[in-house]
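Each remark here refers to the structure printed beneath this line.
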Amino acid sequence: MEFIIKDYLIKENPAAGDEIRKLLLMKCVNTYVTDAKLKSAFKRAIWIGNDETHYEKRWEEKDVEDLKALIRISVAWILNALLMKKYEEEMPEGKK
């Protein structure tokens with residue numbers, strides 16, 4: 001998830017690339033992700049991923065299948081955002 005999220009955030013915020021590379025992942029999400037649903041998906045994927053690295057799990061009822069689902073949601077959201085941005089740039093409002 002870290003690669004997916006940081007690559008996306010750097011693409012969307014190239015001037016902040018160095019800062020994004022250095023920040024902890026959750027700080028990147030809280031600082032640079034403005035879409036509430038995308039932020040929600042990213043956070044939950046991070047929570048489950050982090051759970052797998054700790055001795056005690058916070059989300060005992062969640063497993064790798066939930067993580068994979070949240071990754072799919074996140075990737076789909078990113079792809080849709082990038083595709084929409086492309087069309088907004090190619091087809092600006094007010095063009096006659």
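Rule-based calculations on the coordinates, nothing more; no lab input. Note that this is a predicted model, so its numbers are computed, not measured. We place every Cβ from the backbone using ideal geometry, glycine too, and count neighbours over all the protein chains shown.
Odds and ends about this structure:
- Residue match in the range 64-74 (condition: touching a Leu at 6+ places or on another chain (Cβ under 9 Å) and touching a residue at least 40 places away in the same chain (Cβ under 8 Å)): yes
- Only residues that are surrounded by 12 or more Cβ atoms within 10 Å (Cβ to Cβ), assigned to a helix (DSSP H, G or I) and under 12 Å from the mean Cα position of the chain (by Cα) were counted across the range 12-43, and they come to 15.
- Scanning the range 1-11 for residues that are surrounded by 18 or more Cβ atoms within 10 Å (Cβ to Cβ) and within 15 Å of residue 85 (Cβ to Cβ) returns 8, 9, 10.
- For the range 78-86, the criterion of being over 17 Å from residue 3 (Cα atoms), exposed (fewer than 10 other Cβ atoms within 10 Å of the Cβ) and out of contact with any helix residue (DSSP H, G or I) (no Cβ under 7 Å at 6 or more places or on another chain) is satisfied by no residue at all.
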